Amino acid sequence: PYQDPPEDDRGGPWPDFRLCPNCTYAQMLWRLDAAVANATDALRRHCLWDETLLLFTADNGGIGPYANSHPLRGHKHDPWEGGTRATAFLAGGFLPDALRGQSTGAKLVHVADWYPTFCALAGTDPTDDAVFDGIIRPIDGVDVWPMLTGANASQPRPITPITEVSVMEAAPAGWWKLVTLAGQSQRYAEDAA
């Protein structure tokens, strides 16, 4: 939730958080950073870092004055790129050396893909079919590890769901996006830092 940490759990580089531009957000990020440092330190202390793969991701684009999606159109709750594209990164000793320090925006990964990807890495079957309206439905995600590591350069599926009203298709001529029932959001600030 978007709220200040408890009074006894505050800290960070500012002597008085009331003077910062967005104190609540700053406190939340400071607390997250401290928690990640504690977890990674514990993994290293117990010699578990080499078997660790950490994923940091978001489920949507930004919203509000402190989360500008420029130059992408839209924001959280929109089917446009500014509402659906989010930063993600992997870390940990398990990450292959060739991937460390790399960055790319050319790989499309849906949040539902992480479950089957981690299952495959752990050597377990991700099958978890559900019956809905009398029809057996498999999980939505696919294993994206071969694509992320370069073992397979192509997208693992031709169509990727983006929102309840949009999908993206990996066509031979490039990416195509189908958006239906979308609003007309144009929210972004060109002059944002």
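The values are calculated or read from the model by the stated rules, or taken from the named source; none is laboratory data. Treat the numbers as computed from the prediction; the structure is a model and nothing was measured. Please note: Cβ atoms are built from the backbone with ideal geometry, for glycine as well, and neighbour counts cover all protein chains shown. Just so you know, the surface numbers come from the protein's heavy atoms only, side chains and all, with ligands and any DNA or RNA stripped out. Shrake-Rupley method; radii C 1.70, N 1.55, O 1.52, S 1.80 Å.
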Checklist entry - Of all residues in segment 44-70, which are in contact (Cβ under 8 Å) with a residue 24 or more places away in the chain, under 27 Å from Ala122 (Cβ atoms) and open to solvent by 40 Å² or more (accessible area, probe 1.4 Å)? => result Trp49, Asp50, Glu51, Leu54, Leu55, Phe56, Thr57, Ala58, Asp59
Checklist outcome for this item: Among the residues of segment 128-152, the number that are exposed (fewer than 10 other Cβ atoms within 10 Å of the Cβ) and not charged (D, E, K, R) is 7
Checklist entry - In segment 122-144, which residue that is of a type in the set (Val, Ile, Thr) and in a strand (DSSP E or B) is farthest from the chain's Cα centre (by Cα)? => result Ile135
Item to check | The lone exception for Gln155 - which of (1) loosely packed, with under 12 Cβ neighbours inside 10 Å; (2) in contact with a strand residue (DSSP E or B) (Cβ under 6 Å, 6 or more places away or on another chain); (3) closer than 24 Å to Glu169 by Cα it fails | outcome: (1)
Checklist entry - Is it true that some residue in segment 108-117 is in contact with a Lys or Arg (Cβ under 6 Å, 6 or more places away or on another chain) and at pLDDT below 90? => result no
Item to check | Residue, modelled with the highest pLDDT, within segment 145-193, restricted to residues that are part of a loop (DSSP other than H, G, I, E, B) and among the β-branched types (Val, Ile, Thr) | outcome: Val165
Checklist entry - If only one of Arg85, Arg73, Arg18 is in contact with a Leu (Cβ under 7 Å, 6 or more places away or on another chain), at pLDDT below 85 and either basic (Lys, Arg) or surrounded by fewer than 15 Cβ atoms within 10 Å (Cβ to Cβ) (or both), which one is it? => result Arg85
